[in-house]
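Derivation of every value follows stated rules applied to the coordinates shown; laboratory data play no part. Small disclaimer: the values here were computed from a predicted structure and weren't measured. Here the Cβ is made from the backbone with ideal geometry for all residues, glycine too, and neighbour counts use every protein chain on show.
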Amino acid sequence: MVFGGSNPWAKVPHHSPLPQLQNHLSLQRPASIRVWSDFLRVHLHARSICMIQKYNHDGEAGQLEAFGQGESVLKEPKYQEELEDRLHFYVEECDYLQGFQILCDLHDGFSGEAQRNIYRLLNTAFGLVHLTAHSSLVCPLSLGGSLGLRPEPPVNFPYLHYDATLPFHCSAILATALDTVTVPYRLCSSPVSMVHLADMLSFCGKKVVTAGAIIPFPLAPGQSLPDSLMQFGGAAPWTPLSACGEPSGTRCFAQSVVLRGIDRACHTSQLTLGTPPPSALHACTTGEEVLAQYLQQQQPGVMSSSHLLLTPCRVAPPYPHLFSSCSPPGMVLDGSPKGAAVESVPVFGALCSSSSLHQTLEALARDLTKLDLRRWASFMDAGVEHDDVAELLQELQSLAQCYQDGDSLVD
């Protein structure tokens, strides 16, 4: 399973929604945080790091900026052997190997640097097509509104105040969503494995999925889960996190949903005896039934997997101060003071195979057809041939066809 992010700081350990800041960094100065490793307080094992000496992180000289550069690095025997050696070291320590969750960046040759728009477009297209060919599931993660050339404003969260220009903020949000949607195969108590989840979401060639989340989930004091879910009406509740446009008006083929951090006492409606339930959700007797019923109402006939967890998402420092209308437990309050200390929040996250990907992938292919590759000889010199670009376009268009709204759910 691959989660391809357009944010260079989205690389996080599986046990925490956000890596720890180094001790010497000031929490009040997010501008001083430049790369994902600046978050780390945990000491990484020496055999978990593979350094590429020929490229630097910043500056114009020796920059890893083109897809072909990254591809050529992986073809070098030195790096192949080094990566295989490190992989074997950790695989042999596993009691139960489900698969590999890989976090990577689609914007440059490997990961992590802001690039020219044309390079970003080409790298994103090559990355998506190659990742799709060599993995079971691919999910772009981004707070931007588009994967293509046309800039779109960053997504908006009703209960978050974040600065989209700060990777410190963006990575925290993406990591929170990632920590939530990957729960099904990371819990020992869950019957869902990575293979099962990937198979459910990627049938009929649909290997690319979208992500979405509500951060924090809006449950006001005195409300029950059915009350809160009913407030969404028929609209898709999640804020999109895959730069594929709004989910409203699109068709969902399959979805995996996780709701975490809601107290058990709020899972069902506590109606007075004899009071008729205002909705089918209010008549449910368990939180799991409420969530399953809600998904059935929203997407009738869609293959859905849902998980309800009591544990919220931890957002204590060094998590950035993004919550302006939450009480300390993470419950949404109207008019609460800005900057209130919040230690944990409920989160509603989803992975979805959606028809929105048809338009997104088609638009990406159209942007590529408009390029005059003769003007970008430096990209081609990195190891990409004109025939590779032609094949890329064909693969991208074929992938887009998998998500046409007329597709049936079964072959």
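Of 101, 174, 145, which is farthest on the positive side of the dipole of the stretch 99-184, counting Cα position, with +1 on Lys and Arg Cβ, -1 on Asp and Glu Cβ, and the Cα centre as origin?
Result: 145.
Can you give the FRET efficiency to the nearest 0.05 for residue 199 and residue 232, using r as the Cβ-Cβ distance and R₀ = 30 Å?
E between residue 199 and residue 232, to the nearest 0.05, is 0.55.
So, R0 is 41 Å and r is the distance between the beta-carbons of residue 272 and residue 366; what FRET efficiency does that work out to, to 0.05?
So the FRET efficiency works out to roughly 0.10.
Taking amide H atoms as placed 1.01 Å from N in the peptide plane, list the residues 5 or more away in sequence, or in a different chain, whose amide H sits under 5 Å from that of residue 208.
138
Simple spin-label model, 7 Å along Cα-to-Cβ: residue 386 to residue 74 in nm?
About 2.6 nm, to one decimal.
Once you place label points 7 Å from the Cα toward the Cβ at residue 44 and residue 220, how far apart are they in nm?
Going from the residue 44 label point to the residue 220 one covers 4.5 nm.
What is the distance, in nm, between label points placed 7 Å from the Cα along the Cα-to-Cβ direction at residue 116 and at residue 264?
Output for this residue pair reads 6.0 nm.
Between residue 187 and residue 100, how high is the FRET efficiency from 1/(1 + (r/R0)^6) when r is the Cβ-Cβ distance and R₀ = 30 Å? Nearest 0.05.
0.95
Within the stretch 70-154, list the GluC sites (Glu not before Pro) lying in a DSSP loop whose Cβ has at most 11 other Cβ atoms in a 10 Å radius.
92, 93
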